[in-house]
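Heads up, the thing below is written out as structure tokens.
The values are calculated or read from the model by the stated rules, or taken from the named source; none is laboratory data. Everything numeric in this text was worked out from a predicted model, so none of it was measured. Don't worry about glycine lacking a Cβ; one is built from the backbone with ideal geometry, like all the others, and counts go over all protein chains shown. All accessible areas refer to the heavy atoms of the entire protein, side chains included, with ligands and DNA or RNA removed. Shrake-Rupley method; radii C 1.70, N 1.55, O 1.52, S 1.80 Å.
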Amino acid sequence: MTRPVAGIVVAILGFVIALAGCGGHDRPTAHVLYAGSLVNLMERQIGPGFAHASGDGYQGYGAASRAIANAIKADVKTGDVFVAASPSVNDTLTGRANGTWVRWYASFGTAPLVLAYSP
């Protein structure tokens, strides 16, 4: 991810965390749950960028998106922000039938999947 794009994601994360009412004096650490495919990005760029820009702490947890969603539903994992790899995972947390864990979400990026094979 290029630096300008990472900066935009840090800004989006800061905005979402502010809306969620975390960070600041009442909650000095933002707890972010994210897809395992984002571990490198979140731990090396986004998390440190957020902490530097906001002065608040950052604690991340990466795992398979569906596993995190199931842990949220089971009250095993909690976080201020959940970044899934697919909007369909967010859909499993929206609505009364799914526990209304997620009231809204925004898609902020996509990437094509490429498979390659070389004998």
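Here are some notes:
- All Cα pairs of segment 44-98, percent lying beyond 13 Å: 64 percent
- Neighbours of LEU93, meaning other residues whose beta-carbon lies under 13 angstrom from its beta-carbon, give a summed charge of +3 when Lys and Arg score +1 and Asp and Glu score -1.
- Linear extension gain, ARG66 paired with THR94, 0.36 nm per residue minus alpha-carbon span: 8.7 nm
- Solvent exposure of segment 38-119 as accessible area per residue, Å², 1.4 Å probe: 69 Å²
- The share of accessible area on segment 68-110 that comes from carbon and sulfur is 49 percent, using a 1.4 angstrom probe.
- Computed from the C-alpha gyration tensor, the three semi-axes of the ellipsoid equivalent to segment 25-119 are 23, 21, 12 Å, from longest to shortest.
- Model label zone, SER37; criterion: amide N under 14 Å from point 7 Å along Cα-to-beta-carbon; scope segment 68-92: 83-90
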